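Visitor: The structure is given below, and queries will be raised subsequently.
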Amino acid sequence: AAFEAGKVAKAARCNDIEVLKAAVAAGADLVDLDKKYDACALSWAVYYGHVAAVQVLCEAASAGRDVGIDQRDKDGLTPLGNAVDRMTPKTELDLPTIILALLDAGASPHGLGKGDQTALCVLASWGERHARAMEIVDTFAQLGATMRQKDKLALARLQRAYRAASPE
């Protein structure tokens, strides 16, 4: 089946796993940039919190396909930056699973999100209010994520909160 421009991105936005799998199998363009937002299919799957769509695209990335794993959109966010930026204690999206899938597929842990903050800094700032943030921060650290001074300060606050919340 032919995959015209926009079809893979639409499938990612709509969580249409069958179309995404068919696109992978057919060798279609998996980046499939949206011209209005410069967002790749993976960015759309992340934005809407579609774990299954992210996993299909991340598996393709792990197999060597270009899915735009570090592609920046018009706001300058990579798919990882997008996921971290949307991760708040109130979100119902399973962004921690998405973040870990992106990192496992080779997303750069060094990228900057909105406001010139590293993903690590953003995660650390939410940590005391988000149960899985410490697990993700640990993954970033294992991957050697870039740490600037303000990241170190945010991480210190997260570690204090984590110790205070942990049972003795």
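Visitor: Taking region 1-56, which residues are surrounded by 16 or more Cβ atoms within 10 Å (Cβ to Cβ), modelled with pLDDT under 90 and either under 17 Å from Ile69 (Cα atoms) or among the acidic types (Asp, Glu) (or both)?
Guide: Result: Asp32, Leu33, Asp34.
Visitor: So, one more: Show the residue pairs meeting these rules: Cβ distance below 9 Å; 6+ apart or different chains; first residue within region 48-65 and on the phi > 0 side of the Ramachandran plot; second residue charged (D, E, K, R).
Guide: Gly49/Arg86; Gly49/Glu92; Gly49/Asp94
Visitor: Among the residues of region 62-100, what is the count of those that are modelled with pLDDT of 80 or more and open to solvent by less than 20 Å² (accessible area, probe 1.4 Å)?
Guide: 14
Visitor: A further question follows. Scan region 39-73 for residues that are under 14 Å from Ala83 (Cβ atoms) and in a helix (DSSP H, G or I) and report the count.
Guide: Residues that pass the stated criteria total 12.
Visitor: I would also like to ask the following. So how many residues does region 128-144 have that are modelled with pLDDT of 65 or more and surrounded by 11 or more Cβ atoms within 10 Å (Cβ to Cβ)?
Guide: 10
The values are calculated or read from the model by the stated rules, or taken from the named source; none is laboratory data. Just so it is clear, the model here is predicted, and its values are computed rather than measured. We place every Cβ from the backbone using ideal geometry, glycine too, and count neighbours over all the protein chains shown. Please note that ligands, DNA and RNA were not included when accessible areas were found on the heavy atoms of the full protein model with its side chains. Shrake-Rupley method; radii C 1.70, N 1.55, O 1.52, S 1.80 Å.
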